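Worksheet: the structure to be examined is printed underneath.
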Amino acid sequence: MRRLGQCQRLLVVVLASAAAMVSTCAPAQDRSSERTAMIETIKGHARSAPSAVEGRGVDPAVLTTMGKVPRHLFVPEEQRGAAYRDRPLPIGYGQTISQPFIVALMTDLINVGPGDSVLEIGTGSGYQAAVLSPLAAKVYSIEIIPQLGERAAARLAELRYNNVEVKVDDGYYGWPARAPFDGIVVTAAASHIPPPLVEQLARGGRMVVPVGGPFATQFLMLVEKRRDGSITTRQLLPVSFVPLRGGGTP
Ligand code: SAH
């Protein structure tokens, strides 16, 4: 009896440690608590930059989506530990995935609605496209570096972001066959606002684009095409992006 009692105690200990392993391993893999902390940081930034978010904070739908997208699966393995930190990270080929706040801000600024068609220039890791995917009807994304574009397309398909289409091309010229777009997000800094993208913006549509040289101050610009076709531009805040290459290069 006594021996059995010891066995039972042992079993309890084994089960308890197995339960502890499950409860520590599962969230470690899912990393949802890190995403929750990331969302709080984004909200804090939005409070300290009220004019950038038009005085109303980041749209809760954008934050909910960012709370679900597994950012750690979009960065190289050696960067995974830092995936939810509030900073840009290298993704190879000299390119970077933007800081979470900037992703939230850019997504928020184009006011994506469920029926919208959105164009992204600079697919990079595919993370920004994944964040746009549940918010829009269709996401088109263009990447100039073939290896990055192909890798991002495979990752997005694997994670079932099925409404995202990626092509390898020079995004300066947009995607005329799929235009017009209700929203356009340019995730590399252009020396000027690319006229083909303004052309491909739908009436009532919005584009966010960082403008400025690689060694000069860049500003995030908001371009709006009104219902009557007139264009307004607004300079929002200083930012730091990798340069837009290809046709946009002076
Ligand atoms: N949005 C990305 C990060 C982009 S980094 C993400 O979520 O991970 C900027 C990307 O723009 C780089 O991958 C770079 O190769 C790409 N790029 C630069 N110039 C481009 C151009 N003319 N057309 C398309 N992509 C371009």
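Where both bridge residues fall in the chain, DSSP classifies roughly 45% of the beta bridges as antiparallel. When you filter the trypsin sites (Lys or Arg not before Pro) in region 151-250 for DSSP loop state and at most 11 other Cβ atoms inside 10 Å of their Cβ, you are left with Arg160, Arg226, Arg227. Applying D = kT/(6 pi eta Rh) to region 92-250, where Rh is the Kirkwood radius over alpha-carbon pairs, T corresponds to 37 °C and eta to 0.692 mPa s, the Stokes-Einstein value obtained is 215 µm²/s. Peptide packing for 190-202, 99-111 was compared via the average number of neighbouring C-beta atoms within 10 Å per residue; ordered from the highest value, the list is 99-111, 190-202. Here the relative contact order of the chain, from alpha carbon pairs under 8 Å that lie six or more residues apart, stands at 13 percent.
The calculated 222 nm mean residue ellipticity attributable to helices in the chain amounts to -11000 deg cm²/dmol, summing -39500 (n - 2.57) over DSSP H runs of n ≥ 4 and dividing by all residues. Using a Förster distance of 25 Å, how high is the FRET efficiency between Ser230 and Asp170, based on the Cβ-Cβ distance and rounded to 0.05? After rounding to 0.05, the efficiency reads 0.35. Helix by helix, which DSSP H runs in the chain go 27 Å or more along their axis at the Cα atoms and have an average Kyte-Doolittle hydropathy of 0.5 or more? Those that clear 27 Å and a mean of 0.5 are 2-30. Neighbours of Gly57, meaning other residues whose beta-carbon lies under 10 angstrom from its beta-carbon, give a summed charge of 0 when Lys and Arg score +1 and Asp and Glu score -1.
Region 115-132 and region 160-196 have Cα centres separated by 9 Å.
Think of each Lys and Arg Cβ as +1 and each Asp and Glu Cβ as -1; about the Cα centre, that makes the dipole of the chain roughly 880 debye. For Lys167, the lysines whose Cα falls under 17 Å of its own Cα, not counting residues fewer than eight places away in the same chain, are Lys138.
Only the coordinates and a few stated rules stand behind these numbers; no lab work does. Quick caveat: nothing in here was measured; it's all calculated off a predicted structure. Cβ atoms come from the backbone with ideal geometry, glycine included; neighbour counts cover every protein chain shown.
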